[in-house]
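Data first, discussion second: the structure below is written as C-alpha cells.
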Protein chains: 2
Amino acid sequence: MTLSDIEFPTPSEDADCRPVREILDRIADKWSLYIFVALKDGPVRFNALRRQIDGISQRMLTITLRQLERDGLISRTLFPTIPPRVDYELTAVGRSLLAPVMALVTWADSNRDVIEEARRQHDQTR
Amino acid sequence: MTLSDIEFPTPSEDADCRPVREILDRIADKWSLYIFVALKDGPVRFNALRRQIDGISQRMLTITLRQLERDGLISRTLFPTIPPRVDYELTAVGRSLLAPVMALVTWADSNRDVIEEARRQHDQTR
DNA sequence: CGGCATCCGAGGGGATACTG
DNA sequence: CAGTATCCCCTCGGATGCCG
C-alpha cells in the first residue's frame, strides 16, 4: 500500500491558509503543548503548573497562558483571597483541541525508541 | 502509556520524559508541521517544497529537512542527473505521524473562526 | 501567591553570494 | 537544481528584582 492510497480530509488551506498557520504556530510553540497536557484533567493553579512543566520559567508560563487565554482555549479564574489564588482551566474549545494534542503526545511517547535509534544510525553513518 | 511521565515528572533528573519532549519540540518547531503536510501525498522535490511552504527560506528548509531525515521521519533520494534531482518522502514512521499531524491541522482549519472571534472579544474587553 | 518590568545573552532565521 | 557558507539582525527566553 502506497502513501497515495491513504485519503486525508483536505482542509481548504490553499485559499486562506494564513489564519490556520497562525493557529498552528500558537499550538506548536515551545510551551503550549505542555500546558495543554498539564490542564487535561481539570483546573490547575499557577505555581502547580510551573512545577509540573519542567524547565518553564515564570515569564514564559505567564506569556503562554495569556496567549492561550486570548485565543479562548483556556480560562483564568481569580479567587480574591489572601494570598490570591488563580486557577487555569481548559475551555470547551480548548478541550476539543485536547484529543489531537494527546494523539501527538501519545505518538511521541510510543515512537521515541524508534527515533532515538534512527538518530544513532544516522550519526554513525555520516 | 506512560503519560504520567509528563504530568508528574520527578523533581530530580528525569531521564524518561525528556526524549518525549525532544520529539515534541522537533515536531512543534516552526516549519516541520508544514513540511509534513506538504509531503502527505507522496515525494516532493526540493524547490517544489520551497514553493509550497509559503515564507520558508532555503536555509531553513534545508536545516529542517536534515533534522527530520536524522529522526528517520523522511527519506532523501538523490537522482544523479544533470541537473540533479532530489526527492523527499515520508518514511513509514513519518507516515504514522501523519494522522496526528493532520488531526491538528484539521482542527485548526475548522476552529479558526472561533479563535479569531475569541481574540476580538479579548482585545475589546481589555 | 501570582504576577509584571527590565536587562541581556544565545541562537533562530533571513538575505545574499557562491558551488557541484 | 539543490544545496553550502557567511553575515547579521532581532526575537525568544532566562535571570533578577519589585509589587498587590
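Rule-based calculations on the coordinates, nothing more; no lab input. These numbers come from a predicted model, not from an experiment. Glycine also receives a Cβ, built like all others from the backbone with ideal geometry; neighbour counts cover every protein chain displayed.
For the residues A:Arg26, A:Arg50, A:Arg18, a GNM of chain A with alpha-carbon springs under 10 Å puts the largest fluctuation on A:Arg18.
Placing a label point 7 Å from Cα along the Cα-to-Cβ axis, A:Lys30 is separated from the same position in the other copies by 1.3 nm, shortest listed first.
Legend: mean number of C-beta atoms from other chains within 10 angstrom of residue C-beta atoms, peptide A:18-31, equals 6. Shown for B:Ser96: label points 7 Å from Cα along the beta-carbon vector, and their distances to the equivalent points in the other copies, 3.1 nm in ascending order. Taking chain B as a Gaussian network, where each spring joins two C-alpha atoms under 10 Å apart, which residue of B:Leu78, B:Leu98, B:Leu90 fluctuates the most? Result for chain B, Cα springs under 10 Å: B:Leu78 fluctuates most. Taking the square roots of five times each eigenvalue of the Cα gyration tensor of the protein assembly as shown, the equivalent ellipsoid has semi-axes of 34, 22, 15 Å, listed largest first. Peptide A:95-105 has a mean shielding of 5, counted as Cβ atoms of other protein chains within 10 Å of each residue's Cβ.
A convex hull fitted around the alpha carbon atoms of the range B:18-126 yields 137 Å³ per residue. Once C-alpha pairs closer than 8 Å and six or more residues apart are averaged by separation and normalised to the residue number of chain B, the relative contact order reads 21 percent. Summary for A:Arg18: label point 7 Å along Cα→Cβ; distances to the equivalent points in the other copies, ascending, 4.1 nm.
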